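Reviewing the structure listed below.
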Ligand SMILES: *Cc1c(COP(=O)(O)O)cnc(C)c1O
């Protein structure tokens, strides 16, 4: 991959970032009760917590916002966005929402009854939560290869077609109001789904008469992976590949905070008129009138421009190249990562770096704190702090298989020298890894505890 090409943009507005000295970083993380979610932006040098809504907008996007039309109903901004969405995604109807989960909430409110099932490769956590909130059961049917962190497979986000068939025939079509797939598979390491797999999934859902919705947040990155890795797609543009993907589905939910390269926004799109009418009524109740859906007119314009930019080939080459570049630098200094790297993030196997820290003492979390102390870098723990839960019968903690630390890359925000710096800080941190100790949880909420947890280092 041509990741030696420089960034396809130059910088004309800068946001200063500052590395606090070691004493100040120590004081900050202590004040934060060793939870990186409690840090303030000015205490962070490089922020890899999330790629969601952290994107840098282009001059065209900012310029388009000046033309934002704040008319309550029938805004020009809405029609400009509608044209772009029609062109890329092709569905008959669309509704803007303030972000992805709002679209999920509306979709499941319309379709899912208590006790029903929604299969996918892996549901993202907000999708999972919104299905559960309707009393439904989210089901993950990704291929087994996805569970092997070192296995190199071009499309580790693929659905296991046999498992899908077995599942549908077991629970029955009546119990499955819709089927989904997430591209790229965020909860499964940002791994792409192949066109061949999408075709098989679509065919199966359609044969059973199950409406097929794509969670499309990173569809452009997925399209570019298809171009690079799937036979027959090398000469197709990301736009052509995207259209082919969406022609296989009956609708989508979308967080434009990802591949729409905006700071806020989302939408849903579908072909079914009855569903559209039902969703539109829900939208009016929860988000706003259908020509703004919880957003300002200017946000719709920024989204319209961002969706186009997110499909540009030079941009996508840079985007996937950046992740591949950082993966190379990390491998060079001996950091074990989930292979192959995805587009929006890298996942470091903290469990294998810190084998002396038990799962009860949060090895992934320990690594995130040390990276902050070493170089002011904020990353996200995706291990026993985020995912362990008490077994409902025995009360014993059930731990996830892997102790991961995620490095999410905001779009168009950091340069190659920032990436070199990240690798350098990793190298310095693991050089003293035997001295890194585990953590004790001193406060923990019942649900999603990692957001508000308080911890202290075990001396
Ligand atoms: C971010 C995300 C969502 C939810 O979108 P929000 O804009 O954060 O509400 C849903 N699915 C996937 C795969 C995501 O990455």
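The values are calculated or read from the model by the stated rules, or taken from the named source; none is laboratory data. In this text the structure is predicted, and so the values were computed from the model without any measurement. Note that we place each Cβ from the backbone using ideal geometry, even for glycine, and neighbour counts take in every protein chain shown.
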Checked pairs for region 40-68, first assigned to a helix (DSSP H, G or I), second within 16 Å of the ligand (Cβ to nearest atom), C-beta under 7 Å and 6 or more apart or across chains, list as 61/302; 61/306; 64/302; 65/302
Would you mind stating whether residue 271 is in contact with a strand residue (DSSP E or B) (Cβ under 8 Å, 6 or more places away or on another chain) and in contact (Cβ under 8 Å) with a residue 12 or more places away in the chain?
yes
Out of all the residues in region 272-287, which are away from the ligand (no atom under 16 Å from the Cβ) and part of a loop (DSSP other than H, G, I, E, B)?
272
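Looking at region 382-405, which of its residues are assigned to a loop (DSSP other than H, G, I, E, B) and closer than 28 Å to residue 26 by Cβ? Even if it seems obvious, please write down each step before you answer.
Here is the first cut: in region 382-405, the residues assigned to a loop (DSSP other than H, G, I, E, B) are 383, 388, 391-396, 399-403.
Scanning region 382-405 gives 383, 388, 403.
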Looking at region 438-459, which of the residues that are more than 26 Å from the chain's Cα centre (by Cα) and surrounded by 16 or more Cβ atoms within 10 Å (Cβ to Cβ) is nearest to residue 335 (Cα to Cα)?
438
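Name the one entry in 310, 260, 288, 321 that is over 20 Å from the mean Cα position of the chain (by Cα) and within 30 Å of residue 59 (Cβ to Cβ). Steps first, please.
On the way: 310 fails: over 20 Å from the mean Cα position of the chain (by Cα); 260 fails: over 20 Å from the mean Cα position of the chain (by Cα); 321 fails: over 20 Å from the mean Cα position of the chain (by Cα).
The match here is 288.
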Among the residues of region 200-208, is there at least one that is in the same structural domain as residue 102 (by TED's automatic domain parsing), on the phi < 0 side of the Ramachandran plot, touching a strand residue (DSSP E or B) at 6+ places or on another chain (Cβ under 6 Å) and in contact (Cβ under 8 Å) with a residue 60 or more places away in the chain?
no
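Pull up region 246-263, narrow it to residues that are under 19 Å from residue 205 (Cα atoms) and surrounded by fewer than 24 Cβ atoms within 10 Å (Cβ to Cβ), then point me to the one that is farthest from the ligand (Cβ to nearest atom). Explain how you work it out, then say what you get.
First, pick out the residues of region 246-263 that are under 19 Å from residue 205 (Cα atoms): 246-253.
Those still in the list that are surrounded by fewer than 24 Cβ atoms within 10 Å (Cβ to Cβ) too: 246-248, 250.
Details: 246: 16, 247: 21, 248: 18, 250: 18 Å.
Here the answer is 247.
Going by the structure shown, is residue 445 free of Cβ contacts under 8 Å to residues at least 40 places away in the same chain and touching a helix residue (DSSP H, G or I) at 6+ places or on another chain (Cβ under 8 Å)? Lay out the reasoning, then the answer.
On the way: free of Cβ contacts under 8 Å to residues at least 40 places away in the same chain: yes; touching a helix residue (DSSP H, G or I) at 6+ places or on another chain (Cβ under 8 Å): yes.
For residue 445, the condition - free of Cβ contacts under 8 Å to residues at least 40 places away in the same chain and touching a helix residue (DSSP H, G or I) at 6+ places or on another chain (Cβ under 8 Å) - is met.
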Determine if region 385-393 includes at least one residue that is in contact (Cβ under 8 Å) with a residue 12 or more places away in the chain and buried (at least 22 other Cβ atoms within 10 Å of the Cβ).
yes
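Could you pull out every one of the helices (runs of 4 or more DSSP H) wholly within region 289-381 that has 3 or more residues that are more than 30 Å from residue 457 (Cα to Cα)? Steps first, please.
Values: elements: 297-309, 313-332, 350-353, 363-375.
Hits in region 289-381: 297-309, 313-332.
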Kindly establish whether residue 382 is modelled with pLDDT under 95, surrounded by fewer than 20 Cβ atoms within 10 Å (Cβ to Cβ) and within 21 Å of the chain's Cα centre (by Cα).
no
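Have a look at 234, 269 and point out the one that is under 22 Å from residue 127 (Cβ atoms) and more than 13 Å from the ligand (Cβ to nearest atom). Before the answer, list the steps.
On the way: 234 fails: under 22 Å from residue 127 (Cβ atoms).
Answer to the check: 269.
Being over 24 Å from residue 161 (Cβ atoms) and modelled with pLDDT of 95 or more is true for just one of 132, 110. Which residue is that? Working first, answer last.
On the way: 132 fails: modelled with pLDDT of 95 or more.
Among 132, 110, only 110 is over 24 Å from residue 161 (Cβ atoms) and modelled with pLDDT of 95 or more.
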So which residues in region 20-39 are out of contact with any helix residue (DSSP H, G or I) (no Cβ under 7 Å at 6 or more places or on another chain) and either within 21 Å of residue 411 (Cα to Cα) or modelled with pLDDT under 95 (or both)?
none
Which one of these does residue 180 not meet: (1) crowded, with 20+ Cβ neighbours inside 10 Å; (2) outside any strand (DSSP E or B); (3) in contact (Cβ under 8 Å) with a residue 40 or more places away in the chain?
(2)
